[in-house]
Every structure is written in structure tokens, then in C-alpha cells.
Amino acid sequence: MSAIDGLPPLREVIATHQLSAKKALGQNFLLDLNLTAKIARQAGDMSGSDVLEIGPGPGGLTRGLLAEGARRVLAVEKDARCLPALAEIAAAYPGRLEVINGDALEVDALAHLTPPIRIAANLPYNVGTELLVRWLTPPEWPPFWQSLTLMFQREVAERIVAVPGSKAYGRLAILAQWRAEARIVMSLPPEAFTPPPKVSSAVVHLTALPEPRFPARAETLSRVVALAFNQRRKMLRAALKSLGPDIEDRLVAAGLKPTDRAEQISLEGFCALARQIDA
Ligand code: SAM
């Protein structure tokens, strides 16, 4: 029995339910419940919140979230093999864990949640960035969530918190920092996972700002930065050519130099450009 919840240790859970890790599902499990509780604590006070967890797997982080006091957890897991293990956790925390067997990219989780909502996940690598971009780019702000506490490959985490002029600066930094406060709050070596991935990981905590730092339409900003950084070595006037024949005028009207490159442009500059393009 484990100290935090009286349920069996995760190694035993994995053996009992024969949960050999599948690479195609990005399965690198956290088996140390002290560590999952520590990650859960990065999400802040969850006692008054519903928590959406993507990819609970055998339930290490799920157990951390519940033991640390989450009001309710909704866990969306694609791999049906994990359901019996998750059902045991639900039984130990009556009325506090709901599990949906499905693809997080397709499930309408919102229908199952009551605000305020926090999101916490040790994300599968293949869908992590896509989910993050979706959570950051709804047309309206504030979003349905208050905070995101997410495990990423270290390199992706660094892209989220990157500053202008750095190699990691790009679309993820702009979208994350435009509407949220983003910080790396924990670093984890490969050995923290079973099986160990090839690279290190980090937990990023993002808090939704009440309103974006600068006005812009999410769709336009997202399109502009994607184009600008797709050809990050090119000058903006060349990289953004497909936005129209008057792109140079729009760059100038936004206070930017057409000969600058994307990595030199601040968040404020990209928002001004997005507004000019919509004008
Ligand atoms: N949370 C567990 C932990 O920390 O040990 C497992 C993390 S593992 C990195 C990622 C989990 O996401 C796996 O359980 C995998 O089956 C699940 N997964 C992969 N793709 C998914 C998807 N599209 N929707 C929901 N779950 C998915």
C-alpha cells in the first residue's frame, strides 16, 4: 500500500493490469507518487476547482491530484487498458474521479466540467503541443481554464518561456506569453520515467491573464507568427509575402522594419502587426 492513498504502488498496478508502455501512445509513466504529488502541488490550490487531466495512464499524477485535494478530476485516456486501474482510483475517491476513454483531441471535456477549471497533465508528446495551442487560442478570453500545469520535453518547455532574440523564441512563446504568465517550475531527468525517454522533461505552469497583454485576434496572430517563424532566417517582408502585396506598408504601419527577422520582433510588435492585417 502506498502512503498517500492506501492504493497499491504503481509498479504493482502496472504488473497487475499488464500495462506495458506503448511508444505510439507516448507512454512514459511516472511511478514515484512523491514526485506526482509534487507536480500536483505546482497546480496551486485545487480544493475549489475541477481538474482536467489528459492521459492519466496507470494514474500516478491522477493520484497526486486527488491526494493534494482536487475537488474533482476528469481524466481523458485513449488507452482502454488503463481503465481498470483508473476505476480502482475512482473507488478510493468516491465521486471525485471521472474517466473518459477517448482521444483528448476529440472529446468535449468542457461538458463534463464545472468551473473554476485547472488543467494538469503529463502530456503524450505527440499531442501535447497541439492541445496547448488550442487552449491558448480560443477566440474569446479569458478561456475556460484558470491554469495549465503541463509536462513537456525540456526543449518544448523552453520554447514556451523563450524571450525575443533567443533560438527557442517562436510561435509557442508568443501564443503562451500573449495571454498567460508562463514559468518552468520543475525539471525532471529521463530516469524519473518508466521507460525513460531519450530527453529531459520540464513542468510548465501557465496562469491565464484576465485579458491579453495586447489586443489582437487570436486567429490572425497565430497565422502571422506561424508564417514569420516558418522561415525564421528570412526578412519579414519575404516571410510574410503571402499575406498580401501591401505587406511592407502594413509592417511599417505596425512600427516594424520590413527587413527585420521574426526572432527580433517582440510580442507587442506581432500584436500590432496582427491588428494592421485585420484593419
Ligand atoms: N499521466 C501518466 C503518468 O504521468 O505516468 C501517463 C503519462 S504518458 C506520458 C501519456 C499518456 O497519455 C498515456 O497514458 C497515453 O496512453 C495517453 N494518451 C496518448 N495519446 C492520447 C490522446 N490523444 N488522448 C488521450 N490520452 C492520450
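Since every read-out is calculated from the coordinates, none of them should be taken as a lab result. Everything numeric in this text was worked out from a predicted model, so none of it was measured. Glycine also receives a Cβ, built like all others from the backbone with ideal geometry; neighbour counts cover every protein chain displayed.
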So, over other residues within a Cβ distance under 13 Å of Pro9, counting Lys, Arg +1 and Asp, Glu -1, the net charge is -2
How big is Rg to Rh over the chain, alpha-carbon atoms, Rh as the Kirkwood inverse-mean-distance radius?
1.03
With an 8 Å cut-off on Cα pairs and a minimum separation of 6 or more residues, tell me the relative contact order of the chain in percent.
15
Where is the GNM fluctuation largest for the chain (alpha-carbon springs, 10 angstrom cutoff): Pro58, Pro139, Pro115?
Pro139
Long-range HN-HN contacts of Ala180 with modeled amide H, under 5 Å:
Leu209
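Under a point-charge model restricted to the Cβ atoms of Lys and Arg (+1) and Asp and Glu (-1), what is the dipole moment magnitude of the chain relative to its Cα centre, in debye to the nearest 20?
Numbers: 32 positive and 29 negative charges, 178 e Å.
Magnitude of the dipole: close to 860 debye.
Mind putting a number on the dipole of the range 84-228 about its Cα centre? Charges go on the C-beta only, +1 for Lys and Arg and -1 for Asp and Glu, and I need it in Debye to the nearest 20.
Roughly 540 debye for the range 84-228.
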Count of Lys pairs (Cα-Cα under 19 Å; at least 8 positions apart or interchain) in the chain:
7
Choice from Leu110, Leu236, Leu132 with maximal GNM fluctuation in the chain (Cα, 10 Å cutoff)
Leu110
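Restricting to Cα atoms and excluding each atom paired with itself, what does the Kirkwood estimate give for the range 117-224 in Å? Numbers along the way, then the final one.
Numbers: mean 1/r = 0.0703 Å⁻¹.
14.2 Å is the Kirkwood radius here.
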Pick from Leu243, Leu150, Leu66: which residue has the top mean-square fluctuation in a GNM of the chain where Cα pairs under 10 Å get a spring?
Leu243
Which loop chymotrypsin sites (Phe, Trp or Tyr not before Pro) in the range 188-279, with loop taken from DSSP, have no more than 14 other Cβ atoms within 10 angstrom of their Cβ?
none
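Cut-off is 10 Å between beta-carbons; in what order do Glu155, Glu98 appear when sorted fewest neighbours first? The partial results should precede the final answer.
Numbers: Glu155 12, Glu98 15.
Starting with the residue having the fewest Cβ neighbours, the order is Glu155, Glu98.
Determine the calculated [θ] at 222 nm for the chain from helices alone, applying -39500 (n - 2.57) to every DSSP H run no shorter than 4 residues and normalising by the residue count; nearest 500 deg cm²/dmol.
Numbers: 11 runs with 98 residues, N = 279.
Value at 222 nm, helices only, nearest 500: -10000 deg cm²/dmol.
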The farthest towards the positive end of the charge dipole of the range 165-237, of the residues Phe229, Leu206, Ala218, given +1 on Cβ of Lys and Arg and -1 on Cβ of Asp and Glu, is Phe229
Listing Cys82, Cys271 from the residue with the fewest other Cβ atoms within 10 Å to the one with the most, what is the order?
Cys271, Cys82
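In which sequence would Ser222, Ser266, Ser242 go, from the one with the fewest C-beta neighbours within 10 Å to the one with the most? Don't skip to the end; give the middle numbers.
Working: Ser222 19, Ser266 16, Ser242 8.
The fewest-first ordering by Cβ neighbours comes to Ser242, Ser266, Ser222.
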